[in-house]
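The values are calculated or read from the model by the stated rules, or taken from the named source; none is laboratory data. Keep in mind the model is a prediction, meaning the values are calculated, not measured. Cβ placement follows ideal geometry from the backbone for every residue including glycine, while neighbour counts extend to all protein chains displayed.
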Amino acid sequence: MNGLRSLPVEKKTAGFEEVYTSPAAAAMDGAADGAGASYALDLCARIARCTDVEGTITRLFLSAGTRQVHALLRMEMESLGMQVRVDAAGNLRGMYAGQSADAPVLLTGSHVDTVPDAGRFDGVLGVAIALAAVRALGRRRLRFAIEVIAFSEEEGIRFRLPYLGSRALVRTIGVQELARVDEAGVSVAEAIDRFRLNVEELGAAAITAGTFAFLEVHIEQGPVLEALGLPLGVVTGVAGQMQVEVIFRGRANHAGTTPMHLRHDALAAAAAWIGCVEALAKRTDGLVATVGTMRVSPGAANVVPGTAVVSVDVRHALDEVRRSAMRDLLAAAEREGGRRGVTVTARELSRQEAVRMETGLVERMAAAVGEAGFPVHRMVSGAGHDAMILAKAVPAAMLFVRTPGGVSHHPDETVAAADVEAAIGVLLSVMERLESSTAEVSG
Ligand SMILES: [Zn+2]
């Protein structure tokens, strides 16, 4: 595996075979350790054709594209000897039985919904790699069953409600969520009904007592692994996140007749503060902070701005660091406002506590990466994932796959065949490690 790391993968615009034929993949073709990536990438290409909007990859929650991807994956899973069902939240689940009917269950997979005009790998790759791993078992049965799950909804596009798929597994979909409506006025409950699923059976989507772990392989969607020259990253946790709206209120006035020392310029205060946000994040290890929106009023070239409403998104692996950063930032806003006679108020928009992946699983994954011949890079995910939701109920771990150019949520999203092969190998190796430890426990 070692020699595969730096091999280039040419990206052309023609058919799938050309796009993903690297010298490495070509050399491995037919070989035991090259077939997995070909299989997974071919599956991703076929899933990409399941879409709500022709000419793009767009699959929203419980849409026509979802139905197509279910039909495709059902056939694929059944051909691998799996029992397939769709739960009431629209998650497609394939069960690869263990040696006994009451075997514990390893859950693995990712989501198959997308943002509008997406790439073909975000989420989907995790399902394809899970199936490639089951396929590599060659009908061998383990001491545990493997349930491969294609989550129905992670991106939260249709209902502005992310993680509906994985939330069904941890029983956090309630009356409020089911009543949420999309742009057409269709509620989540109605969407479930229209998809010919029974909302009353939502409870049966929950993970069972025998489920002992969840493993998710996902593209990194960022530039870190590429910058390090590494194919894989071991995720230790998902960063906590907080979004706050900060409102700077000064006094609008004439841009020509109001001298500088008599102004209460809300935008000047906000602008100075944005500099503070960037500076604090740059000097705090692991902190990311983003001002992503700003509304200025009255918003005329010849008027001193009276109000600036600014959003800030702050994330860190440690909740205390994130909280302390947010306190510092709000103090800085008051300071910059105070200098200009501008008042500052803040309103919390959303908050997500940090989630840690389970140490035992993380260590098994790290050992598998190391044994495959790659340096072990542990990293915190700055984005939310299904594993973050599942971690509330079951030990969870994640493996990141290098994302060339860090490009994601875009048709140009890509992966290298050699990296995919490495990820399949690591997932299989973690399964083997779990198989050995199951053997120890059971005697
Ligand atoms: Zn994703």
Fill in: Residue ranges of helices (runs of 4 or more DSSP H) in region 325-443 with at least 1 members crowded, with 16+ Cβ neighbours inside 10 Å and modelled with pLDDT under 95
417-441
Discussion item. Filter region 225-242 down to the residues that are within 16 Å of the ligand (Cβ to nearest atom) and either free of Cβ contacts under 8 Å to residues at least 40 places away in the same chain or among the β-branched types (V, I, T) (or both) and list them by number.
Written reply: V235, V238
Discussion item. Going residue by residue through region 73-83, is there one that turns out to be among the acidic types (D, E) and crowded, with 20+ Cβ neighbours inside 10 Å?
Written reply: yes
Response to the item:
Residues of region 196-209 being modelled with pLDDT of 95 or more and of a type outside the set (A, V, I, L, M), in sequence order, are R196, N198, E200, E201, G203
Discussion item. If I go through region 156-172 residue by residue, how many of them are in a loop (DSSP other than H, G, I, E, B) and surrounded by 24 or more Cβ atoms within 10 Å (Cβ to Cβ)?
Written reply: 0
Worksheet item: Would region 181-201 turn up any residue that is part of a helix (DSSP H, G or I), among the hydrophobic types (A, V, I, L, M, F, W, C) and surrounded by fewer than 19 Cβ atoms within 10 Å (Cβ to Cβ)?
Response: yes
Worksheet item: Quick one: H218 ticks every box in (1) away from the ligand (no atom under 16 Å from the Cβ); (2) outside the structural domain of A268 (by TED's automatic domain parsing) bar one, so which box is it?
Response: (1)
Worksheet item: Would you pick out the residues in region 248-275 that are aliphatic (A, V, I, L, M), surrounded by 18 or more Cβ atoms within 10 Å (Cβ to Cβ) and in a loop (DSSP other than H, G, I, E, B)?
Response: A252
Worksheet item: Just a yes or no: is a residue in region 281-295 without any contact (Cβ under 8 Å) to a residue 60 or more places away in the chain and farther than 30 Å from E154 by Cβ?
Response: yes
Fill in: Residues satisfying the stated conditions in region 276-297, i.e. crowded, with 16+ Cβ neighbours inside 10 Å and assigned to a helix (DSSP H, G or I)
C276, V277, L280, A281
Worksheet entry | Identity of the residue in region 84-108, free of Cβ contacts under 8 Å to residues at least 12 places away in the same chain and among the aliphatic types (A, V, I, L, M), that ends up surrounded by the most Cβ atoms within 10 Å (Cβ to Cβ) | V84
Worksheet item: Are there any pairs with C-beta distances below 6 angstrom linking a residue in region 384-397 that is closer than 15 Å to A317 by Cα and assigned by TED's automatic domain parsing to the domain that holds L106 to a residue that is of a type in the set (S, T, N, Q) and more than 16 Å from the ligand (Cβ to nearest atom), with the two at least 6 apart or on different chains, and if so which?
Response: none
Worksheet entry | region 338-392 - residue that is hydroxyl-bearing (S, T, Y) and more than 16 Å from the ligand (Cβ to nearest atom) and, of those, nearest to the chain's Cα centre (by Cα) | S350
